[in-house]
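The values are calculated or read from the model by the stated rules, or taken from the named source; none is laboratory data. Everything numeric in this text was worked out from a predicted model, so none of it was measured. A quick note on method: Cβ atoms are made from the backbone with ideal geometry, for glycine too, and the neighbour counts reach across all protein chains shown. Heads up: the accessible areas ignore ligands, DNA and RNA and are worked out on the full protein's heavy atoms, side chains in. Shrake-Rupley method; radii C 1.70, N 1.55, O 1.52, S 1.80 Å.
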Amino acid sequence: MRIADSSRAAVTLGLAGLAFAAYPMLRGYGSETGLAGAALYARPAWVAAHLLGMVGFALLALGLSRIDERAGRWATWGAFAVLPYYGAEAFGLHALGLRAIQTGHADMTAASDMFRYQPVAITIFALGWIAFGAVGVRLLLLARRGGEAMLRAGLVLAGVALITYLPQFFLPPAGRIGHGLLLGIGLLLTAYATWTSHEATAPTPASAGKVASTPQHG
């Protein structure tokens with residue numbers, strides 16, 4: 001991997017890690033029915049949290065594509081599949097919550113499950129998580145190939161978190177927050193190891209000058 005690619009991968013994966021760690025913390029939890037659910041959806045933090053999730057998936061695909069072509073390709077497919085669902089969660093439920101509070105019609109929040117479990121939506125969403133599960137397996141296989149301990153640790157943590165991303169939706173709030181931290185830490189470790197490997201291989205000014213002055217033949 002070229003130095004420029006490794007530095008970009010480190011930055012994008014690091015930002016993805018921060019986004020994934022913050023997303024479940026900001027989301028908020030509680031009853032998602034009646035006016036209590038409407039109040040949850042109507043919070044600005046609800047939109048911000050889901051935006052961070054969307055940014056995280058986009059950056060993950062960009063970052064992985066620079067360190068492993070196969071993982072990056074699968075992550076791109078996964079992002080295309082899950083982002084529409086996340087958009088509906090972020091903006092659709094937010095608007096629904098605001099309207100329910102304005103009108104006082106608590107039963108409006110029942111519409112959330114109507115699109116969450118709509119057959120086409122849930123199928124595309126599930127396919128996205130299958131793609132991210134494959135990315136997780138790929139990262140575990142890359143970790144087995146050896147290399148720096150921090151990089152292996154980051155790949156393992158991120159891989160396990162991606163494989164378990166779909167079932168974590170059914171965990172209690174503490175479990176979901178912990179899962180976000182697991183993925184965030186894994187990506188931050190991977191980013192740091194990628195960045196330090198870039199620094200270690202970057203030519204010094206003196207060596208760069210020597211290379212530039214060496215005659216090129218052929």
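Once you have a ≥ b ≥ c as the square roots of the Cα gyration tensor eigenvalues for the stretch 106-182, tell me rounded if a/c is under 1.5, and otherwise prolate or oblate according to whether a/b is larger than b/c. Walk me through the intermediate numbers first.
Numbers: a/c = 5.40, a/b = 2.07, b/c = 2.61.
Oblate is the answer for the stretch 106-182, as a/c is 1.5 or above yet b/c matches or exceeds a/b.
Pick from T123, T196, T103: which is most flexible by mean-square fluctuation in a GNM of the chain where alpha carbon atoms under 10 Å apart are linked?
Its mean-square fluctuation being the largest, the pick is T103.
With charges set only on the Cβ (+1 for Lys and Arg, -1 for Asp and Glu), what does the dipole of the chain come to about its Cα centre, in debye to the nearest 20?
Working: 15 positive and 9 negative charges, 90 e Å.
It comes to approximately 440 debye.
How much FRET efficiency would the formula 1/(1 + (r/R0)^6) give for I122 and A45, where r is the Cβ-Cβ distance and R0 is 30 Å, rounded to 0.05?
On the way: r = 25 Å, r/R0 = 0.84.
That pair, I122 with A45, gives E of 0.75.
With a ≥ b ≥ c taken as the square roots of the eigenvalues of the C-alpha gyration tensor of the stretch 6-64, please select rounded if a/c is under 1.5 and otherwise prolate if a/b is larger than b/c or oblate if it is not? Before the final figure, lay out the partial values.
Working: a/c = 4.18, a/b = 3.71, b/c = 1.13.
Because a/c hits 1.5 or more and a/b exceeds b/c, the stretch 6-64 counts as prolate.
Looking only at G136, G154, G34, which one moves most when the chain is put into a Gaussian network model with springs between Cα atoms under 10 Å?
Top of the fluctuation ranking is G34.
Over the stretch 1-108, what relative contact order in percent results from Cα pairs under 8 Å that are six or more residues apart? Could you put the intermediate results ahead of the total?
Numbers: 143 pairs, mean separation 37.4, N = 108.
Dividing the mean separation by the residue count of the stretch 1-108 yields 35 percent.
Just to be sure I understand: with springs between alpha-carbon atoms less than 10 Å apart, which residue in L64, L166, L181 has the highest mean-square fluctuation in the Gaussian network model of the chain?
The residue with the greatest mean-square fluctuation here is L166.
Pull out a ≥ b ≥ c, the square roots of the eigenvalues of the alpha-carbon gyration tensor of the stretch 74-134, then state rounded if a/c is under 1.5, prolate if not and a/b is larger than b/c, and oblate in the remaining case.
Working: a/c = 4.68, a/b = 2.54, b/c = 1.84.
Taking the square roots of the gyration eigenvalues as a ≥ b ≥ c, the stretch 74-134 is prolate.
Could you tell me the distance between the Cα centroids of the stretch 17-38 and the stretch 94-114, to the nearest Å?
16
Provide the per residue accessible area, probe 1.4 Å, for the stretch 20-132, rounded to a whole number of square angstrom. List each step's numbers first, then the result.
Numbers: 5240 Å² over 113 residues.
Counting only protein heavy atoms, the per-residue value for the stretch 20-132 is 46 Å².
Evaluate the distance, in nm, between pseudo-label points positioned 7 Å from the Cα of E148 and of L98 along their respective Cα→Cβ axes.
Between E148 and L98, the simple spin-label model gives 4.5 nm.
Counting only protein heavy atoms and a 1.4 Å probe, tell me what percentage of the stretch 108-202's accessible area is made up of carbon and sulfur. All intermediate terms of the calculation are to be shown ahead of the outcome.
On the way: 3580 of 4770 Å².
C and S fraction of accessible area: 75 percent.
How high is the relative contact order of the chain, given as a whole-number percent (alpha carbon pairs under 8 Å, six or more residues apart)?
Working: 327 pairs, mean separation 59.4, N = 218.
Normalised by residue count, the contact order of the chain is 27 percent.
Are there chymotrypsin sites (Phe, Trp or Tyr not before Pro) in the stretch 52-136 that DSSP marks as loop and that have at most 16 other Cβ atoms within 10 Å, and which are they? Show your work: numbers first, answer last.
On the way: sites: F57, W74, W77, F80, Y85, Y86, F91, F115, Y117, F125, W129, F132; in loops: Y117.
When the chymotrypsin sites (Phe, Trp or Tyr not before Pro) of the stretch 52-136 are filtered for loop state and at most 16 Cβ neighbours within 10 Å, Y117 remain.
Can you pull out the trypsin sites (Lys or Arg not before Pro) in the stretch 1-89 that DSSP calls coil and that have at most 11 other Cβ atoms within 10 Å?
On the way: sites: R2, R8, R27, R66, R70, R73; in loops: R2.
Loop-located and lightly packed - R2.
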